[in-house]
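Student: To start, I am sharing the structure in question, which I have written as C-alpha cells.
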Amino acid sequence: LEAVLEDGAVSAHAVSANPPLAGLSAVEVMDAVVESLGRRGLMVVLDEHTGKADWCCDVRDGDGLWYSEAYSEAQWIAALARLAQRYQSNPMVVGIELRNEIRPVVVPSSEGGGGGRVVMPTWGDGNLATDWAAAATRAGNAVLAANPKLLVVVGGLDFGLDLRGVRDHPVTLDMPGKLVYSAHHYLWSCPACLGDKKKLWEYLDEHWGFVAKEGVAPVWLSEFGTPHTPDGYASSQQPAAPRAAAGAESASQGGDAGASFAPPHAAATAAGGGSEEGGEEERHWQDARQQEYSSQQAQWWNWMVDYLRSEHPGLSFAYWPLDGTQSSGRTRERGAEETYGLLNANWDAPYSRGHLAQVTALIAEPHVRPSLSSASPGAATQEAASRAGATQVGATIGTRGMGEL
C-alpha cells in the first residue's frame, strides 16, 4: 500500500542492477517490471503484499489485517482499484491478489512490557473489524468495477494456510467467474504433520484442497518452496556446488536456512496474553522450530510434490521465490544469498537445474473440473478457470534482475 499510496522515489541502491530505473517512483518501477514481463510473454498477477513497504510477516508487525493504524480499509480498496484501472489496457496483467497472509495482530499493551491483546481475523461472521471474507468481497467488487477483465485472488486465514471457512461462507462477487482462492504452504505450516505423509495430505485437503477437489472455485497455490541447503532438496537434486556472489551470506553464516533451519517468514510469538491465540501456525511455531527441520525438509518437499501431482494435476502455482539474493527489509540483509531462491546468487542460472526440473514437472495442460460452471454461485467459469490455468507456474520476483528478464 505504501508504494502505491505514497509513490515515493525508489532509492538508487535498490535498482543498482537496472540503471534505467534510477530516479523512478515506486509505481513507475512497477510499470517497468510489468511491461518487461509482458513483453516476454509472462502473465502478471499483482499482489497487495503488505501495508508498510517492508519484509513480511509476523503477528507483531501490525500488518496482519487488510487495514492498520497506518492505512484504512478505504485506502486499501482505493489502492487496489487504482492498480486495477492502471493496467486495464494491458492484457498480460490477469489478476490481483487482494492481500497477502491475513493473520492475527498483536496490539501492544499501553503499559508496555511486551504484552498485548490479539486481534484474530475471522471468516463469515459479519464482524466489520475482523471478517476477511466480507472485506475481500468489498475489495474484489471494487477491483472488478475498475477492471472487469481481472481475476480476483482471495487468500485464506492464518498466514494464508486456511480456507476452511469457504465451506459455509464462500466469497461471492458481483461478477461470476472471476474468483480464485489462494493458499500457502511450507514445511513449518503444519508441525504436527512432520514425518507423516498421510497426516500432511489430510491437512492439505482439509485446509484448502477441498476447494479445488469439490469444484467450489479454482485454487492457486501462490506460495510454497524449499531451501537449497544440504537437506532442502532431494539428494538427487543437489547441484555440484552452490554459486554465491562475492560477499553473499551463505546458509551456514546466518542466511534464511541452514543447519539451524529458520523460515523466511519467521513468526514472533505473541507475548503476554496472546501466545495461545496467535493462529494455528503461530501457536505451534516455537515448539516446532526445535525439531529437526533440516532432516525433514526434503521429505516434506517430495511429499508436497507428490500431493500436487496426484491430487491436483494442473493446479496453478507460484514458487517462492525466484530471487537469487535477499532484498532489504526487517530481518533481511540486502545482497545475501536467498537460500529459497530458484536462481543462484549471481542471478545468471538456476541454483539447481535438477530442482528446477522437479518444479517445472508440475506444469500440466490446464484442465477444468466438470463441476466448475457459472451456474454455481461463487464458482469460476471455465473461461476464468482456463485463464487461471494459463498462469500455471510463476515465481515471486524482486527488483534485482528485472532488467535482464
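The values are calculated or read from the model by the stated rules, or taken from the named source; none is laboratory data. From a predicted model like this one, the values you see are computed outputs, not experimental measurements. Reconstructed Cβ throughout: ideal geometry from the backbone, glycine too, with neighbour counts over all protein chains shown. SASA here: full protein model, heavy atoms, side chains in, ligands and nucleic acids out. Shrake-Rupley method; radii C 1.70, N 1.55, O 1.52, S 1.80 Å.
Student: How would ILE102, ILE363 rank on accessible area, largest to smallest, probe 1.4 Å?
Tutor: Order by accessible area, largest first: ILE363, ILE102.
Student: R0 = 51 Å: FRET efficiency of ALA9 with ALA357, Cβ-based, nearest 0.05?
Tutor: Approximately 0.80, to the nearest 0.05.
Student: Taking a probe of 1.4 angstrom, what is the accessible area of GLU206 in Å², to the nearest 10?
Tutor: Taking all protein chains as shown, GLU206 has close to 90 Å².
Student: Just going by the charge dipole of the range 52-141, with Lys and Arg at +1 and Asp and Glu at -1 on Cβ, which of ASN127, ALA78, TYR67 is farthest out on the positive end?
Tutor: Checked the options; the winner is ALA78.
Student: On to the next question. For the range 26-147, give the percent of accessible area contributed by carbon and sulfur heavy atoms, probe 1.4 Å, rounded to a whole number.
Tutor: The value for the range 26-147 is 55 percent carbon and sulfur by accessible area.
Student: May I pose another question? Placing +1 at every Lys and Arg Cβ and -1 at every Asp and Glu Cβ, with all other atoms neutral, what dipole size does the range 86-235 have around its Cα centre, in debye to the nearest 20?
Tutor: Taking the Cα centre of the range 86-235 as origin, the dipole is about 380 debye.
Student: Can you work out the accessible area per residue across the range 50-159, with the rest of the protein chains kept in place, probe 1.4 Å, in square angstrom?
Tutor: 37 Å²
Student: Subtract the Cα-Cα distance of ARG40 and LEU128 from 0.36 nm times their separation in residues, and report this length gain in nm to one decimal.
Tutor: In short, 27.5 nm is gained.
Student: Can you order the peptides 144-154, 191-201 by their average number of other Cβ atoms within 10 Å per residue, highest first?
Tutor: 144-154, 191-201
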